[in-house]
Structures are given as structure tokens and as C-alpha cells.
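Read through the structure below, which is laid out as C-alpha cells, and then see the notes.
The values are calculated or read from the model by the stated rules, or taken from the named source; none is laboratory data. Because the structure is a prediction, the values reported are computed rather than measured. Cβ atoms come from the backbone with ideal geometry, glycine included; neighbour counts cover every protein chain shown.
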Amino acid sequence: MLKAQDNEDLTRVGPGTIMGDYLRRFWTPILEASELPGPDCDPAEVRILGENLVAFRDSAGQLGLLQALCPHRQAPLFYGRNEEGGLRCIYHGWKFDITGRILDLPNEPPDSPVKNTIRAKSYPVREWGGVVWAYLGPADKQPEIPQLEWGTLPPSGRQIIKYVQRCNWVQALEGDIDSSHVSFLHTKLDPKGNRVGYNQQSVGYVMRDKHPKIEVVPTDYGLMIGARRDAEEDSYYWRISQWLLPYYTLIGGDLDGKLGFGEMYVPIDDTHTMVWCPRWSAGGPFTEEQRRRNIEGPDAAVRTLDPVTGELRASKANHFLQDRLLQRNYSFSGILGVREQDTAVAEGMGAIVDRTQEHLVQGDAAIVAMRRTLLGNARALRDGEEPPAAAQGSLYRVRAWSAILPRTTVSFTQDPKMPVRLALADA
Amino acid sequence: MLKAQDNEDLTRVGPGTIMGDYLRRFWTPILEASELPGPDCDPAEVRILGENLVAFRDSAGQLGLLQALCPHRQAPLFYGRNEEGGLRCIYHGWKFDITGRILDLPNEPPDSPVKNTIRAKSYPVREWGGVVWAYLGPADKQPEIPQLEWGTLPPSGRQIIKYVQRCNWVQALEGDIDSSHVSFLHTKLDPKGNRVGYNQQSVGYVMRDKHPKIEVVPTDYGLMIGARRDAEEDSYYWRISQWLLPYYTLIGGDLDGKLGFGEMYVPIDDTHTMVWCPRWSAGGPFTEEQRRRNIEGPDAAVRTLDPVTGELRASKANHFLQDRLLQRNYSFSGILGVREQDTAVAEGMGAIVDRTQEHLVQGDAAIVAMRRTLLGNARALRDGEEPPAAAQGSLYRVRAWSAILPRTTVSFTQDPKMPVRLALADA
Amino acid sequence: MLKAQDNEDLTRVGPGTIMGDYLRRFWTPILEASELPGPDCDPAEVRILGENLVAFRDSAGQLGLLQALCPHRQAPLFYGRNEEGGLRCIYHGWKFDITGRILDLPNEPPDSPVKNTIRAKSYPVREWGGVVWAYLGPADKQPEIPQLEWGTLPPSGRQIIKYVQRCNWVQALEGDIDSSHVSFLHTKLDPKGNRVGYNQQSVGYVMRDKHPKIEVVPTDYGLMIGARRDAEEDSYYWRISQWLLPYYTLIGGDLDGKLGFGEMYVPIDDTHTMVWCPRWSAGGPFTEEQRRRNIEGPDAAVRTLDPVTGELRASKANHFLQDRLLQRNYSFSGILGVREQDTAVAEGMGAIVDRTQEHLVQGDAAIVAMRRTLLGNARALRDGEEPPAAAQGSLYRVRAWSAILPRTTVSFTQDPKMPVRLALADA
């Protein structure tokens, strides 16, 4: 439960809000690199942190990110011609390079001084790990790009899906660091009506112990979150996930740990979130079957498009195609698709969930810690303290993990092998 | 004509408004009983008086009405599993009984004290007359369910249609107690261009005398409204309708008086109204033909669904399919369907009609009296006076009537048989 | 660039705004005369300057424009019956003549005094030049209808297309008096990638000299705007356009000057504009081919309707069907249709462009002068000074022109023939 003002401070991302200022101290994922495929390609509309922008790649292949509307008379630069080193507005032919500098001002006399006094607002952009990143903060505070594992792998070993969630980014993020909901929302029922999970290997433990003990360990980059469940008589099953500032997650998956997954909950604005779902294979290229399942998930049918509107068929308006018969006989939620299940819950809370109405329990310990960290960091920045995690990309070289540990190991941090498991070797 | 503040006070229904508080002292129709068909059936979304709720029936068939979002982290309970005595949230498996008490809290340890300290907000619900009723007011002020005639009849003798009107409830209601518009909006033209009504028996009087004298008699339950028209040389034709607090109507119909009809204008929120149209036959079961006409009305074609959107074809956006040729030759309005005609007018006034712009006349006497009663009662409650009508269900055992009375009977209340006609015998 | 308050004052048109008051001192085009085809025809919904109204023609063919909602209880008069001298409300049969006077009040007794005390608000309406005009200002300040050339021609020599632009009227208007954008937005590319204009005759000059020198001459009716481009070694190519108060334009076209065109940017409300496109031929009737091109423009395909929605296919939502391959090889904008190009830019600026973000240059001289004139006149009226242009219809008897003048003629006003070219002979 939060006070109303805390909920405002936590969730709002526009320019001038305290969380908006804080988020602007990080590199922000804005597009897949393939959406700007090459030199002089078509520009792309970008809306991020409540700002409207246009991204493009110049003739040398360099990335640029400019204000959406031409500084002259506010025509949309998205319609512009991308040609010979810059983006040219279709209204009067003004042409900008990737830094927002005017290259050509053809509707003014050649000797016009205006060329050097007007600039389009621009932001630094980089490509890394198949993703286009932008930095929307103060020029002298530019941090490093977070060195998340998937970004260091060759394209054959990574895959990214993304989609829009029509709600605030924090409630979307909260679902991902909430280990206890896995025993419910994402489970299926066997023919006898008992719950079974999507994750076949460890499903027995998750289904048997539905109230995991949550251990939250603060780190330089965010939080390590251990969910401890009874395994065998003398052992615990641990799922250790990571929350990395400000909106990255790494989810503890199967016991073999060869496949990685997590999410990035990037605010489009206060009430829309771009959910990025990177999937990666540290042990070598994905197989074709793995690639297909990364996209479709275990419930392929739900991802079909409506033939009339061209939109995803599952949405809040149609109750995410919830099937009550399915719910009685096969699926705890009656909704097909793990992401659809999470989205049904997150959007169902309203555009920005009213946290004054909550009642939190022990299982929400990680969520409490995350909110406290975000609010604390945003307020520290407001009071003049720079966020350290933003500056150091190497802090993000960590993993999630799952493990069976003896019951004598009360905290997962006591396990001697855990530091090796959770940290990536130097690249 | 009302002052702007009076119009606000009259129309707003959310929690904390004076009319919202007043309406909450009555049982409110929320669903047809058939929408919650049996034990452990699918839950139903309810929006009423500006509040979002979820209704369900437990394994014993008992009705429950809970807050829409789980008190834990605000996941939508509508998606919940209805099973073994309660509704279980799909997010973390919290399970609530019909009173909002937690039956199971599986993501917490079994000894968690939280189970007894957290409750979902719930409202009392009852089934009566084929309708599910809820009480949203203070627990110690619970009134009786209004004993309207149709609710006391067997299902074979009653039928209910309902639909949503996209405007405030008061302007929707006003149309129903406005006898003089019947001579216009709902009439048809004969081949010579003269108006004829839907009601064949008394149509001659209604068409000849288009400015009825309105007699309004205040009662314990609301208003008796007599509309007096010239009949023969020595007689008047009286239509006596009822307005019952807060939004019920009984409409004086044919002279034989065997079929009853009326409406209930239940506020979904300030700008949407659920219009319930009960139809009943006090003299025995409806015939098949009567049942069909209750649904379709005299203009069946208009109630078809758009094959692409699945919505009713007639709407404000398409001018309720008004046909100008039809209007010139056959129908006063050019709009097919009595309810469509009323809806075209009510929605056409705007979401909440601006009553500061009105100019009322003698024919609006019932509307003036109704507004005064509603505002007076709401303000009385604000000042500490309980509404009596809400408490006594038996007050609602009245009827509407139509009658031919001698001209010597200046007021319908002078007719000696009228008390018998307008009051139902004790059940 | 404008201050925020100036931008508000410039753009807002509702009752009580300073620009709204100013615009109400002019006759306003509201419908094509053909939309009210004859006596007792169907009424038409009108929304203009933020006011909802209903227009009709009575049995004598006289035009009327009334408040949209009946003064009685606010039923929509648009559904009304247009019959025997007036418009009759479908709710209670009240009937109004074109001045808003009540002709019949059938739901009141015949001796009711109300008939003479209640009126529907009405505005004067006239038909001229195939257009229905309304006057929404104070009764004692009624001006003359602007005697624009097309309005004085027989129907065989004029044609009008109109469509809705989803943005404020001023930014729509600004595109029309902006000669320099023609060298860009509306050009096509020849096979070698060089730009060519739609206007074949003078295209060479417009394409070669892309930064015209703008000469702005204030007049009694608005502005004469000369755009001077280098033609041959000893000559200039002049395009002389007109802006006439408050939202009319005449565009300098081909050198032969036989065909006239211009626009009228009539505010529906603050964020919607009815764009009227009159086209006329002063030298005689249009040919069939000219008529077809007036409607379709040079890119006919774009004006097709979506078979499912029935709306124009090109819109902001689909980026005006911009084709990037077309943009690279054939069209500067990649958008088909001159009006679609202008609309893409105007709507792309946002509902009301934020002029605090602009950076104006020499080429924007006419726009600066126009804004200054509009704001100055609106503020003068607020301070008690009547707008002269509104009163004198004959001031509007002017033309646009294109001409080749010797370089010795520095200003187009020095050319001795110009007064003849720009003024229409007395009618």
C-alpha cells in the first residue's frame, strides 16, 4: 500500500517528474535495430517517456533521434525524406543531421544566418545487442549501456519479442518480480484438476509449495530476489531472479539454466508500456523449434491477428479471450498465453493501479523493496545524488538461477557456488 | 428549468454525491437472475452507480457482489475461478466468500494472520422476481425490496428486456412520465397523413386531444400522474401512470388493463443508464405471440444486429437509422421502434442534459414534481432524514390504469373505483 | 513563434473568446446550397464555431438556422419534421419558423401564453454563390457577404469540394499563404530525381528558385502576398496570392490566369476545420475534364473510400498512405494528392500547433503578417473597434495572379497593369 503522492511519484515518467528525471539517467531501449535496417532507411516514429520523437539512420548508417516536429513550423519529421546525410522535412525541405544540426535550409537565401542558430532537439543513440538505445538525460551525465547477457551474445543465440501493454510500467514490472503468482496465474490443471506448471522440470516444487519464502538482497544494480520453496525432505528449491535498475528483470528458469529470459518494461508514457521480452541461449544457437516457441509460447493459437482489424485478438475489451470451460478443466486462468495472462492482470488493474487500495503480504516483499528503491533513488537524484547503477554497464553482468540447496542453507547467499552462478564471467 | 447546481445535484450518482447517497438507500436491480444461472457459474461484471463490481453465485447458489479488484494487489476478480464456496483470484489464488471474507490465502503461510484482517468490500444481494438486486448503502439502513407487481408473478407471466442508454438516468426517466409526448413521438400516420398511435384502443382520444391536462398526486412512494384528455362529449379519457422512488415507472396502457408495463432507469454511472423494461400479464401466462412482441415491439426490423460489429444497428452515430421518407409518409419520427424513439431523444440531449436551457410548460408538471421530490429527498437525507419509501416494499404494490370517467369527475382521485384499480390486493 | 497566450487568442473560436467574437462579425459558409435542396427538405446538422445548430428550408424555400436542441426540453431538432412552414420537434410537436418563432405548441392549450414568450435561438442565413452562409454575430452588426469572384459566376463556371481537417483552422490556413512550401511538399521528381511541380507552365522557376522573396502588402481586406522568384536573366516570376479576412485565400496559379482557386478554412470548433475548395473558371464553363480534375486532383486514386468504414482511406492514423518507394522515386512527400499532402502536415502538427516551439524565417513573412492582423483585429474589436472588412462585401472583389515582370520592377505593386489584374471589374 502506498500513499497517493508516493504512487504518483513512482509511476509518472514525463519530463519534469521525479521518476521521469531518474529514468532519463539510463540508456533507454527504443527500437529493435532491425526496425532501422540500414543507411537512409525509412524513419521510425518513437514515443518514449511521454516524448514524441523520430529515429533514423543517415547515409553512413549512423543513428539519429530528433524531436518529432520540425523546429521551423512543427511539421512532422516522420514523413521526411531520408537522403544524403540527413532527414529532410517534406514541408519546406529543411534538412537535419543526426545531431539536429541544419544541413540545408533551401527556402532561405544561401547566406541566411538562421542555419547556425536553429537546431532540432536530438538525443544520443547507440546500437547494442540488436537494440537501438537512446539517452534522454543531461548531456554531461551520460552513463554506460547495461551489459545484459543477451546483448553480449551473437544474434543466433538471442531473440526479442515486444508488444504494448496499455497500463503503467510499474504494475507491469511488478508482475515479473513476483515469484508467488507463478504457482497460480501461469499454471495448468491435470485431468484430476491438480495444478501443473508450464515449467516441467521444477513444477512439482512450485505446485506443492505455493507460499514461497521471499529473500530480497539489495545490490548495486537493484535486487536479487530468492524464492525458497520446500523441495525434498532435506532440501529447498530456490528460484533466484534479478531486478536491475530501472526496469529490467532476469527470471530464474529451469534447473539446467541454459536458457535465459527476462523482460524490459520501458515506459512509452504514463499509461502505456513497451514490454520487451528478450530470450537467449548462452550455450549456443537456438534451434528452430526454440525460436518458434520463443515467439509463440506454449499456446500458439492466441497470438493470431484479427483478420478485420489486424490487431492481436486478445485484449482487455474481449477479456483476453478468456475461456471459462478451459478454466474449469485445463488452465487456472482460462486465458491462453503466459504474456496474455500477465497482461490481463496488469491492464485489468486500471491504467495506473491505485496502490492506496492494496493490502500487501509476505509474498510481496520484493515488490515493496523495488518500490522503495525506485522512490528512494528518484528522490535522491532530485536532492542531487547521481544514480550509480546508470553509470556502470558492467554491474548488469548477472544472471538469474534456479537451484536445489540443502535446508541447512537458510539464505541462498550462503551457498558457496552462488556467486559464480549469478555473475557472468568477464567478457 | 433548473439552476446549474440543482442539475448537478439531481443527476450525479457516484459515491459521496447527495443523489448517489440517496439512491444507495434503495435496493438496486443489477442483473437478470439468468445472468448468474446457478451454483459456481461464471462471474459477471457489474458497473452500478459509478462503482465497478463483480457478481457471482457460490457452490450453494448464494449470490455475492464484491469489489471488482482484489484487495491484495488489485487484480480483476472477474477473471477469477468460481469454485467450492468462493471466488478465487487468478493472480495469487486468494479466495473470497460472498461476504468478502477470505477463505483461502494460498500464497501466505497457513498461520498467516492476514486472513482475518483483510476483507473484500461486499454488498448484500438478493434474488426476487427474476432479478438480482444489490444494496449499496449503509449496513444498518437496509430497506425492503420494492414489491412491484411483475415481481410477484410467476415467470410465465413476466418478461424483461434491458439495454444501455448512453446518457444520464434522469433524462431517460423523464421521458417515461411525460404523457404528452405519446401524442407525437410514438405515433404513426395513416394514409391521409393523420396521426395514429401504437395503442389501438384509446388512440382516437390521444390523437384528438394532444394537450392533456396533467394531474399530479404526491404519494408515499412517489407520484400518481393522471393525464386527462377529452373523450366523448360527457367523458374524459384518463391515463394514470406511476412514478415510484427512485426510478421506477408504471405506464397506463390499454383500457382493458390486463397487460402491465413500465421501466426501471438504473444508473450505471453519470452518463450511462441501464434501461430495464419489464412486461407482465396479471391475468395469466403470456402467449407466444405476446412474448415475441414484448421483445421486438411493433417494429421488429430495427432490433437487428450489425453483422460486423455485433452491436444494435440503431445508435446516435447513425441517427437511429431515421428514415426521412418513412417520416413523411408513415411515422411521426421516422425512427422505428418505441424504445429507439425514446433513446434518440434522450441521448440526443447530450450526456447530461443542460436543464438551465429549458422552458417548461403545463405538460411538464409531472417532471417538475418528480425533480422536486428527488432533490428534496436527497437533501433531506443529507440533512439526516431517512427516505421512507426505501424501507417499505409494500408501498410499491400499485398499478397504472386507463379509464373513461364522466366529465363530472374533475380529478381521477374522485372516482370511487380508482383506489381498487390502482392498488394491488394483498399478496 | 508566439507566446502561449497569443496562440490561445489566435486559435480559439468558441462563444466568448476574442477570436470567436471577431469571426462572428463575418458571414460564415456553413453548407453547400445543394445540401438543403428545396422547400421542406430534410434538415441538416451544422457545427460551426463550436456551436451545434440545425439548418433547414421552409415550405417557401427560405433558409433557417436554429439552435440544435429544442428550447422546451432539449430534444434534438435535427430529427424534426420539416413541414408546412416550419420545423416540428418529434418529441412534443413544437414547431418553429426560420426565425425561431413558435408556430404551433400542440401539447399546450390553444390559449397558452407560452407561444409568444419562448423562442428558439436563430441566426440569419443567406444563399449566395451556391453556398449557404450564416451570421452568428450581434443582430445590429450584420455585414455584407464577401463578393468573392467564384460566387458571382454561373454554376457552370464554379465547383466546390469540401472536407474536414482534424486540426485548428489557423494552421490549416497558414499552409495556404505559404508560397515557399510549394517548391517542396507538392513537387514530384523526374526520372533523374529532380523536382518538378504540379503546375507545368511555371514549374521551372518554382523549382529553380526555392527561396522566394516574400512581399506582403496590407490591404483593407487582408493581405496581398507576392512571392518573387528568379525567372530569366532580366525577369522575375511573381505569384501573387490573397489572404482575405478572416480565412479566405486566393492562390496565384498558372500564368494564363483563366482558372481560379483558393480555400476557405472555416472553424467547426477549436480542433476541426471545414476546408472548402472553390475552383472556378472566369472565362466560361468548365469542361467535363476540368470538372473531373477539380474533384480528383492529379492523383485520383487516393480519394477512394474504404469499403468497410466508408471513410476516406488516407488519414493520420495510416500516415496518409505515405509510400516510401514513391517518395524515393517520384514524389517529394510520398503522399498522393495535394490536399492530402497539406492535411498530413497540418494534422501532423497536433490538434492545435504549439507556436511557442517555432522558429520562423524570411519565407514566413506572410504568416507573421496574417497572425498579427488577426490578433490585432480581434483585440481591436474587444476594445470596441468594429472590423471594416466584414462590412464591405465589395472589398472581396479581387484576384490572385501570376506574372513575369522585369527585374527593374522590384515590387509587384510598381507594375502598372497589376491593379487591373488584381481587381475584378464592377459586377
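Observations, loosely collected:
- Looking only at region C:54-67, and only at residues there that are in contact with a strand residue (DSSP E or B) (Cβ under 7 Å, 6 or more places away or on another chain) and surrounded by fewer than 23 Cβ atoms within 10 Å (Cβ to Cβ), the one that is nearest to the other protein chains (Cβ to nearest Cβ): C:Q67
- Taken together, C:A134, C:A120, C:A172 contain a single residue that is surrounded by 19 or more Cβ atoms within 10 Å (Cβ to Cβ), within 14 Å of chain B (Cβ to nearest Cβ) and not polar (S, T, N, Q), which is C:A120.
- Residues in region B:312-339 that are among the charged types (D, E, K, R) and away from chain C (no Cβ under 11 Å) were compared, and the one that is nearest to C:H92 (Cα to Cα) is B:R339.
- Candidates B:P76, B:P71, B:P109, B:P113 - the one that is modelled with pLDDT of 95 or more and out of contact with any Cys (no Cβ under 9 Å at 6 or more places or on another chain): B:P71
- Residue check for C:R81: within 11 Å of another protein chain (Cβ to nearest Cβ) and at pLDDT 95 or above: yes
- When the residues of region C:89-104 are filtered to those that are surrounded by fewer than 23 Cβ atoms within 10 Å (Cβ to Cβ) and either facing another protein chain (nearest Cβ under 8 Å) or without any contact (Cβ under 8 Å) to a residue 24 or more places away in the chain (or both), the one that is nearest to the chain's Cα centre (by Cα) is C:R101.
- Test: residue in region B:409-421 that is modelled with pLDDT of 95 or more and more than 14 Å from chain C (Cβ to nearest Cβ): no
- Total residues in region A:215-238, condition within 21 Å of A:F332 (Cβ to Cβ) and either free of Cβ contacts under 8 Å to residues at least 12 places away in the same chain or not basic (K, R) (or both): 3
- The residues on offer are C:R47, C:R24, C:R126, and the sole one that is basic (K, R), buried (at least 20 other Cβ atoms within 10 Å of the Cβ) and either modelled with pLDDT of 95 or more or under 29 Å from B:L321 (Cβ atoms) (or both) is C:R24.
- Qualifying positions in region B:250-285 - surrounded by fewer than 20 Cβ atoms within 10 Å (Cβ to Cβ) and in a loop (DSSP other than H, G, I, E, B): B:D254, B:L255, B:D256, B:G257, B:K258, B:T271, B:A282, B:G283, B:G284, B:P285
- The residues of region C:217-237 that are in a strand (DSSP E or B) and within 16 Å of C:A365 (Cα to Cα), listed by number, are C:V217, C:P218, C:G222, C:L223, C:M224, C:I225, C:G226, C:A227, C:R228, C:R229.
- Candidate set: region C:1-58, residues that are among the β-branched types (V, I, T) and more than 18 Å from the chain's Cα centre (by Cα); chosen: the one farthest from C:P387 (Cα to Cα): C:V54
- Wholly within region C:313-427, helices (runs of 4 or more DSSP H) carrying at least 2 residues that are in contact (Cβ under 8 Å) with a residue 12 or more places away in the chain and surrounded by fewer than 16 Cβ atoms within 10 Å (Cβ to Cβ): C:365-382, C:388-391
- Selection status of B:A403, more than 12 Å from every other protein chain (Cβ to nearest Cβ), closer than 22 Å to B:F261 by Cα and more than 20 Å from the chain's Cα centre (by Cα): yes
- Here region B:117-143 is the region considered, the condition is being under 15 Å from B:F56 (Cβ atoms) and part of a loop (DSSP other than H, G, I, E, B), and the residue that is nearest to the chain's Cα centre (by Cα) is B:P124.
- Of the candidates C:S112, C:S156, C:S179, the single residue that is in contact (Cβ under 8 Å) with a residue 60 or more places away in the chain and within 11 Å of another protein chain (Cβ to nearest Cβ) is C:S179.
- Region C:340-366, subset among the β-branched types (V, I, T) and more than 8 Å from every other protein chain (Cβ to nearest Cβ), residue nearest to the chain's Cα centre (by Cα): C:T343
- Complete set of residues in region A:59-82 that are within 30 Å of C:A351 (Cβ to Cβ) and either of a type in the set (V, I, T) or part of a strand (DSSP E or B) (or both): A:G64, A:L65, A:L66, A:Q67, A:L69, A:P76, A:R81, A:N82
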